[in-house]
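Step one of this worksheet: look at the structure below.
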Amino acid sequence: MPSIEDFKKRVLHLKRETFALYLAARHPDTPWYAKVIVGGIVAYAFSPIDLIPDFIPVLGYLDDLVLIPLGIAAAIKMIPPEALAECRSRAEASMGGGRPVSRIAAALIVGIWILVAALCLRWAYWAFSGATRSGAYYQKQQV
């Protein structure tokens, strides 16, 4: 049965791999399509705000437990092995200070939540105000 120490080692390894991918996204030998995929994965992983908040039962942790490792595995296959080995050694050397935080990714996630909230409010207005899209409001104006 895995212990807490084994779990902590795996989490540290996952963080180190994610930081190595961050460095690989800036490496000149990494292809452009890999940079785009890696940039999205790393931004989401280091974002202090989740697309699915952690307080939502089961689904809140599902994105962290499934999506990020799958994205990392896919991204590692896209990066040339030499570039990835160099980035892994650089990540190992600089991981002592904790994880970096992506403020841009946080702003993007907040923007998505604001957009979703605005769409929900717009739907609620149309659903509960009695207004229709057929133009009942405009027909009253023309009389």
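The values are calculated or read from the model by the stated rules, or taken from the named source; none is laboratory data. None of these values were measured; they are calculated from a predicted model. Glycine also receives a Cβ, built like all others from the backbone with ideal geometry; neighbour counts cover every protein chain displayed. Heads up: the accessible areas ignore ligands, DNA and RNA and are worked out on the full protein's heavy atoms, side chains in. Shrake-Rupley method; radii C 1.70, N 1.55, O 1.52, S 1.80 Å.
Out of all the residues in the stretch 95-103, is one or more touching a helix residue (DSSP H, G or I) at 6+ places or on another chain (Cβ under 8 Å), open to solvent by 60 Å² or more (accessible area, probe 1.4 Å) and either farther than 22 Å from Val116 by Cβ or part of a helix (DSSP H, G or I) (or both)? The answer is yes; a qualifying residue exists.
A quick yes/no check of all residues on (1) at pLDDT 75 or above; (2) part of a helix (DSSP H, G or I); (3) open to solvent by 40 Å² or more (accessible area, probe 1.4 Å):
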{"position": "Gly60", "(1), (2), (3)": "no, yes, no"}
{"position": "Val66", "(1), (2), (3)": "yes, yes, yes"}
{"position": "Ile72", "(1), (2), (3)": "yes, yes, no"}
{"position": "Lys77", "(1), (2), (3)": "yes, yes, yes"}
{"position": "Ala83", "(1), (2), (3)": "yes, yes, no"}
{"position": "Glu86", "(1), (2), (3)": "yes, yes, yes"}
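When the stretch 1-24 is filtered for residues that are farther than 12 Å from Arg88 by Cα and assigned to a helix (DSSP H, G or I), the ones remaining, listed by number, are Ile4, Glu5, Asp6, Phe7, Lys8, Lys9, Arg10, Val11, Leu12.
Can you find a residue in the stretch 35-49 that is in a helix (DSSP H, G or I), loosely packed, with under 14 Cβ neighbours inside 10 Å and not hydroxyl-bearing (Ser, Thr, Tyr)? Yes. Within the stretch 11-40, residues that are under 10 Å from Ala75 (Cβ atoms) reach partners that are of a type outside the set (A, V, I, L, M, F, W, C) and not in a helix (DSSP H, G or I) with beta carbons closer than 6 Å, at six or more positions or on different chains, in the pairs Ala24/Thr30. Filtering the stretch 5-34 to residues that are among the β-branched types (Val, Ile, Thr) and surrounded by fewer than 17 Cβ atoms within 10 Å (Cβ to Cβ) leaves only Val11.
Total residues in the stretch 1-45 satisfying the condition of being over 21 Å from the mean Cα position of the chain (by Cα) and charged (D, E, K, R): the figure is 5.
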